[in-house]
Amino acid sequence: MINNFISEKAKIGENVQIWHFSYVGDDVEIGDNVKIGSLAHVDYNVKIGDNTKIEGQAYISPLSRIGKNVFIGPAAVLTNDPYPMNSKMIGVTIEDNAVIGARAVIKAGITIGKNSVVAMGAIVTKDVPDNSVVMGAPAFIRYGREEYDKKQRKWKES
């Protein structure tokens with residue numbers, strides 16, 4: 001028996017895999033070929049694009065928008081309240097082909113641009129431009145996506 005909670009109000013695409021002990025809230029829309037890891041929490045009114053992978057223990061805050069072909073690493077946190085405790089909420093936007101590293105934290109209202117990478121453990125407090133790699137606390141631009149891809153290829157070949 002798999003102990004997930006998936007709201008009856010959620011719209012789930014084709015070929016979606018949701019692993020053990022995960023939560024999917026009301027009015028969530030999940031595209032096709034999405035994978036959600038164990039213990040992940042996808043709160044209400046979230047939209048997730050096709051071919052996205054969300055690793056275990058990630059928290060996807062209400063009102064967040066996640067594009068296509070996105071990777072969100074283990075225990076990453078998207079927030080939705082820039083001034084807790086407040087009744088006015090805003091989600092995080094992650095555009096297509098972005099990568100979010102393990103345990104990264106992204107402030108409410110932030111946009112992560114297309115093809116960008118947020119390094120593991122980064123604390124993102126400002127919008128990330130397209131094709132950028134950010135790291136640190138607070139996160140800063142370290143280099144571009146082209147250099148990241150080059151480093152990744154070199155690592156695979158070694």
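The values are calculated or read from the model by the stated rules, or taken from the named source; none is laboratory data. Quick caveat, the model's predicted, so the values are computed rather than measured. Methodologically, a virtual Cβ is constructed for each residue, glycine included, from the backbone with ideal geometry; neighbour enumeration extends over all protein chains shown.
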* To do: Would you tally the residues in segment 126-145 being assigned to a strand (DSSP E or B), closer than 20 Å to Leu63 by Cβ and basic (Lys, Arg)?
  => 0
* Show the residue pairs that are 6+ apart or on different chains and have beta-carbon atoms under 7 Å apart, the first residue being within segment 134-158 and over 19 Å from Ala122 (Cβ atoms) and modelled with pLDDT of 95 or more, the second being surrounded by fewer than 14 Cβ atoms within 10 Å (Cβ to Cβ) and of a type in the set (Val, Ile, Thr). => none
* **Residues satisfying the stated conditions in segment 24-47, i.e. more than 15 Å from Gly91 (Cβ to Cβ), hydrophobic (A, V, I, L, M, F, W, C) and not in a strand (DSSP E or B)** => Val34, Leu39, Ala40
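Looking at segment 87-125, which of its residues are part of a loop (DSSP other than H, G, I, E, B), among the aliphatic types (A, V, I, L, M) and in contact with a Ser or Thr (Cβ under 7 Å, 6 or more places away or on another chain)? Let's see the steps before the verdict.
Here is the first cut: in segment 87-125, the ones part of a loop (DSSP other than H, G, I, E, B) are 87-92, 95-98, 101-104, 107-110, 113-116, 119-122, 125.
Next, from what is left, pick out any that are among the aliphatic types (A, V, I, L, M): 89-90, 92, 98, 102, 104, 108, 110, 119-120, 122.
Passing the criteria: Val92, Ala98, Ala108.
Could you please let me know if Asp50 is more than 12 Å from the chain's Cα centre (by Cα), acidic (Asp, Glu), assigned to a loop (DSSP other than H, G, I, E, B) and at positive phi? Before you say what the answer is, go through the steps one by one.
Numbers: more than 12 Å from the chain's Cα centre (by Cα): yes; acidic (Asp, Glu): yes; assigned to a loop (DSSP other than H, G, I, E, B): yes; at positive phi: no.
When the stated conditions are applied, Asp50 does not pass them.
Scan segment 132-158 for residues that are in contact with a Gly (Cβ under 9 Å, 6 or more places away or on another chain) and buried (at least 19 other Cβ atoms within 10 Å of the Cβ) and report the count. Write out each step before concluding.
The first filter runs over segment 132-158 and keeps only residues in contact with a Gly (Cβ under 9 Å, 6 or more places away or on another chain), leaving 132-133, 135-137, 142.
This time we only want the ones that are buried (at least 19 other Cβ atoms within 10 Å of the Cβ), so: 132-133, 135.
Residues flagged as in contact with a Gly (Cβ under 9 Å, 6 or more places away or on another chain) and buried (at least 19 other Cβ atoms within 10 Å of the Cβ) within segment 132-158 amount to 3.
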* Structure fact -> Contact list, first residue from segment 68-83 and more than 15 Å from Ala119 (Cβ to Cβ), second anywhere and basic (Lys, Arg) and assigned to a loop (DSSP other than H, G, I, E, B), beta-carbon distance below 6 Å, six or more apart or interchain, is Thr79/Lys107
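Table: residues versus (1) crowded, with 21+ Cβ neighbours inside 10 Å; (2) within 20 Å of Thr52 (Cα to Cα); (3) among the polar types (S, T, N, Q).
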position: Pro84; (1), (2), (3): no, no, no
position: Ser87; (1), (2), (3): no, no, yes
position: Ala98; (1), (2), (3): yes, yes, no
position: Ala119; (1), (2), (3): no, yes, no
position: Val124; (1), (2), (3): yes, no, no
